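Notes for the one structure printed next.
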Amino acid sequence: MRINVWAIIANSFRVDGHVVAIFRRVISSVFPYNILVASELQFVVSLSEFEKLERALEQKTQQESGGGIRIIPPYSRVGRVLVGIYEFLRGIFVKLEKAENKHLIHGLLLGVALFISVWLFYINPTFGIIVFVFMLVYHIVSYPDSVRHVQRFFGLTIFGLVRRGTIISILEPEEIESGLSSIEFILTIFVWGLLAVFIPQNTIAIFYEVASAVLVGISSIAYYYFSSINKCWDDPTREISERDIFSYDFLVFFGLFTASLAVLYRLVPLGFHSVFGWFVVFMTYLFLSSVMAIPNFQTAVSISLRWRGISSTSDYDLLEGILS
Amino acid sequence: MKKKLLVIENIRRAWLLNTTNFFVLLFIFPFYLLTPRVLTSLYFVFFTDPRGYLLVVENLPVFLIAYSLLAVSFGAFLLFRISMAVQRAFMNQIRKSFRKRGNLELIFYVVYGDCIPHLTLFFVPVMITIVLFVDLIDIDVVFRIGMVFVIFFVMIFYFTYQNLRNISRNLTKIKSLLDEENG
């Protein structure tokens, strides 16, 4: 049974066949590639027949299993696990695709490339150097900001250490964000160097391990300091207490700091343990001076904002007095 | 006047003590090198003649005293010059940051200057003494390093905990003072 649109229109508006014929010719001239096929323009089906069609369709639907509604069966246990893994990986990729995580991806990839090239150097030195140079050039070309990250990291940490004797600096939130991304970049490159214990030892591998341990130690201290003062800016009225040292962030970066010192200890030649002792003194002094600065910074932000609030209130009262 | 002097003194301590710590740790580095164990390890690198090595090891106390006299004379002069240069850089930075950030940096240094002397005057000398003492004990290297790690990390937690407690107590006091002043 064919449904005739023109019949529906004719019955709805109660026009006679003559008027609808004219209307049909007008529509056909306006739409040369007609939507409706010419042979279907018939005054055959009435509205009541449309209702009959609807009832027939309802009967057919009720005869179907499940009343025409197809129930999707639940996943099996294995299916649920696979779906869970898929959603988890999809979530990770969605996060990685964000622009704010670009430096992390490049840092991780460069770190893995560096680790592989050091390992390849043991097998064939020429091949290892070629792979290293290629990976380095490729990463710099694909991510030119990497040079700025390295420059910013050394400016904030090493040169800051020589100028001020500490990593501590008083920065605005935008400066902290850019500093944090540079520190994250360096940390993600050199954290793989802590796994260099599995690489057969040669000069390059030892140099890579020492450089990685020193840079991971310094960047873990710097990252903890910068992320903590960022939280101070986010919430200036935060109540500080001694329980803050047992936070997850502190324990993770304390763990990284300890791991870097442990890796260095492994490499200390026989008889040089007093030199390593000096290095431990130096690094723990850096760690403590940075950690002790965080609650002081929170206090400073809290008090300076309080003062600004008080002076703004007095300015506002003065203005109100003038205007009223 | 006394309060102003206290504020200035705290700011000065906060700035200078970190620089002093850093350069003092660099100056005492040779003391860690001039030990028989290190010299024995360096023997094959730097000493071609056994007589040269024996000359150095037998006269080690003389070398140590000579270096310490050099450190306290020339080193003190050098540290004084460094602190003058650092002081000028500090004043310029405070002026620039005051224009840019208001009084945030000043308040930070006042509060930080209150706690940094504890780190400098107590923690650093204790760490140095422990490392040198542990180096003298004739025990296995693993136990030696383990002892140093354990003592240091206990001290790290203790200092951090103490500092946070002092800060949270002082902050409550400072806030109540500010509230009293401003009604």
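The values are calculated or read from the model by the stated rules, or taken from the named source; none is laboratory data. As the structure is a prediction and not an experimental result, all values here were calculated from the model. Heads up, the Cβs are rebuilt from the backbone with ideal geometry, glycines too, and the neighbour counts pull from every protein chain shown. For the accessible areas, the whole protein counts, side chains as well, though only heavy atoms, and no ligand, DNA or RNA atoms are used. Shrake-Rupley method; radii C 1.70, N 1.55, O 1.52, S 1.80 Å.
The rows are residues; the columns are (1) aliphatic (A, V, I, L, M); (2) touching a residue at least 24 places away in the same chain (Cβ under 8 Å).
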position: A:256; (1), (2): yes, yes
position: A:259; (1), (2): yes, yes
position: A:263; (1), (2): yes, yes
position: A:279; (1), (2): no, no
position: A:287; (1), (2): no, yes
position: A:290; (1), (2): no, yes
position: A:298; (1), (2): no, yes
position: A:302; (1), (2): no, yes
message: Just checking, does the range A:229-248 include any residue being within 16 Å of residue A:216 (Cα to Cα) and surrounded by fewer than 16 Cβ atoms within 10 Å (Cβ to Cβ)?
response: no
- prompt: In the range A:146-159, is there at least one residue being within 13 Å of chain B (Cβ to nearest Cβ) and surrounded by fewer than 21 Cβ atoms within 10 Å (Cβ to Cβ)?
  reply: yes
message: Checking the condition of a type in the set (Gly, Ala, Ser), modelled with pLDDT under 90 and under 22 Å from residue A:203 (Cβ atoms), which residue from A:68, A:79, A:128, A:84 passes?
response: A:128
field: Identity of the residue in the range A:258-301, of a type in the set (Phe, Trp, Tyr) and in a helix (DSSP H, G or I), that ends up surrounded by the fewest Cβ atoms within 10 Å (Cβ to Cβ)
entry: A:282
Hey, residue A:207 part of a helix (DSSP H, G or I), without any contact (Cβ under 8 Å) to a residue 12 or more places away in the chain, closer than 26 Å to residue A:125 by Cα and out of contact with any strand residue (DSSP E or B) (no Cβ under 6 Å at 6 or more places or on another chain) or not: yes
- request: Test residue A:276 against the criterion of being modelled with pLDDT of 80 or more and closer than 28 Å to residue B:161 by Cβ, and give yes or no.
  value: no
- request: Name the residue, out of A:116, A:129, that is within 29 Å of the chain's Cα centre (by Cα), closer than 21 Å to residue A:212 by Cβ and open to solvent by 70 Å² or more (accessible area, probe 1.4 Å).
  value: A:116
task: Would you check which residues across the range B:3-34 are open to solvent by 40 Å² or more (accessible area, probe 1.4 Å), assigned to a helix (DSSP H, G or I) and within 10 Å of another protein chain (Cβ to nearest Cβ) and list them?
output: B:20, B:24, B:26, B:29, B:31, B:33
